[in-house]
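Structure, as structure tokens:
The values are calculated or read from the model by the stated rules, or taken from the named source; none is laboratory data. Keep in mind that this is a model prediction, so the values were computed, not measured. Quick reminder, even Gly has a Cβ in these numbers, built from the backbone with ideal geometry, and neighbours come from all protein chains shown. When the accessible area is computed, the model is the full protein with side chains, heavy atoms only, and any ligands, DNA or RNA have been set aside. Shrake-Rupley method; radii C 1.70, N 1.55, O 1.52, S 1.80 Å.
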Amino acid sequence: DGQRFDAMLRRLRHLGILAPAPLAPDEETFTHSLLHEVTYNSLPGPRRRELHAAVAHALTEGAARTLDPTAETIVVHAARGEVWETLALAAREAGRRAAGRSGFEEAAAFFEDASDAYARLPDTPSRLADWIDLRFELRNALFPTAGIGKVLRYSRQTAKLASRLGDRNRLGWATAFLARDLILFGSPGVAIRVARRASKLAEPGSELDQVTHTYYALADYSRG
């Protein structure tokens, strides 16, 4: 109960194990990182996952009420607590924040965490659509910092996901992005064939239609 918990906290403070956190006096922190590490590692794995999941849930509820920027903290606890849906949402939000300040490597790492979480969740059409859209964001974050080989690999995987979903528009964009990456990879002949497939998926005059024609022209230009 609450009284017993307070008594235990007082005892831990008296022993020098806990102390008020410097930036949050109403919170407790370990007085040394080794004490934290030993205490953490002494917990059985299932208990650690349970506690991390509970913290992720509490932080998610708190963020919904107060709009407190805790997405990055939620990612840590959701990953360790194996709360995959919470991890997918929080990591995507953290990735967007990082991308907004041009932290593209950090953003890509968060988006990859979110993608891994989606891979562990049961397939539903809406979840698969969200996963594909997330991977478009991941591609944008990878582009400034990762090699084209990695970007191309992700684009191929995203095209396969879009094919599974059967969403014509998402499949068109995934295929168009794949064509663009193939041009940069030095495979313009393959890129032309892929751009043709993307063009067939686009509504005439749409943005996707314009993009696919541009990529087709770039591939043709690259071939000389």
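Step by step: first the residues of the stretch 165-204, then only those that are assigned to a loop (DSSP other than H, G, I, E, B) and out of contact with any helix residue (DSSP H, G or I) (no Cβ under 6 Å at 6 or more places or on another chain), then the one that is surrounded by the fewest Cβ atoms within 10 Å (Cβ to Cβ). Which residue is that?
Taking the stretch 165-204 and keeping what is assigned to a loop (DSSP other than H, G, I, E, B), we get 166-167, 186-187, 202-204.
Now drop any that are not out of contact with any helix residue (DSSP H, G or I) (no Cβ under 6 Å at 6 or more places or on another chain), which leaves 166-167, 186-187, 203-204.
Details: GLY166: 10, ASP167: 18, GLY186: 10, SER187: 17, GLU203: 11, PRO204: 6.
Going through the qualifying residues, I end up with PRO204.
When both residues are 6+ apart or on different chains and their Cβ atoms are under 7 Å apart, which pairs have a first residue that lies in the stretch 86-115 and is of a type in the set (D, E, K, R), and a second that is open to solvent by 30 Å² or more (accessible area, probe 1.4 Å)?
GLU105/THR145; ASP113/ALA79
Does the stretch 75-129 hold any residues that are of a type in the set (Gly, Ala, Ser) and either loosely packed, with under 15 Cβ neighbours inside 10 Å or not in a helix (DSSP H, G or I) (or both), and which are they?
Listed by number, the residues that qualify are GLY100, SER102, GLY103, ALA119, SER126.
Hey, among the residues in the stretch 19-53 that are assigned to a helix (DSSP H, G or I) and among the charged types (D, E, K, R), which one's least open to solvent (accessible area, probe 1.4 Å)?
Across the stretch 19-53, the extreme among qualifying residues is ARG48.
Identify the residue in the stretch 149-164 that is touching a residue at least 12 places away in the same chain (Cβ under 8 Å) and either open to solvent by 40 Å² or more (accessible area, probe 1.4 Å) or over 28 Å from the mean Cα position of the chain (by Cα) (or both) and, among all such residues, is nearest to GLU137 (Cα to Cα).
Checked the stretch 149-164; the qualifying residue nearest to GLU137 (Cα to Cα) is TYR154.
Testing ALA146 on (1) among the hydrophobic types (A, V, I, L, M, F, W, C); (2) part of a helix (DSSP H, G or I); (3) open to solvent by less than 60 Å² (accessible area, probe 1.4 Å), one condition comes back false. Which one is that?
Unmet condition: (2).
Let me spell it out: the conditions are (1) over 27 Å from ALA79 (Cα atoms); (2) touching a residue at least 24 places away in the same chain (Cβ under 8 Å); (3) aliphatic (A, V, I, L, M), and LEU51 meets all of them except one. Which number is the exception?
Tallying (1) over 27 Å from ALA79 (Cα atoms); (2) touching a residue at least 24 places away in the same chain (Cβ under 8 Å); (3) aliphatic (A, V, I, L, M), LEU51 fails exactly one: (1).
Just to be sure I understand, how many residues within the stretch 130-141 are under 17 Å from ALA176 (Cα atoms) and open to solvent by less than 70 Å² (accessible area, probe 1.4 Å)?
The total comes to 8.
Of all residues being closer than 21 Å to LEU51 by Cα and touching a strand residue (DSSP E or B) at 6+ places or on another chain (Cβ under 8 Å) in the stretch 1-18, which is surrounded by the most Cβ atoms within 10 Å (Cβ to Cβ)? Just the residue, please.
Of everything passing the filter in the stretch 1-18, LEU18 is surrounded by the most Cβ atoms within 10 Å (Cβ to Cβ).
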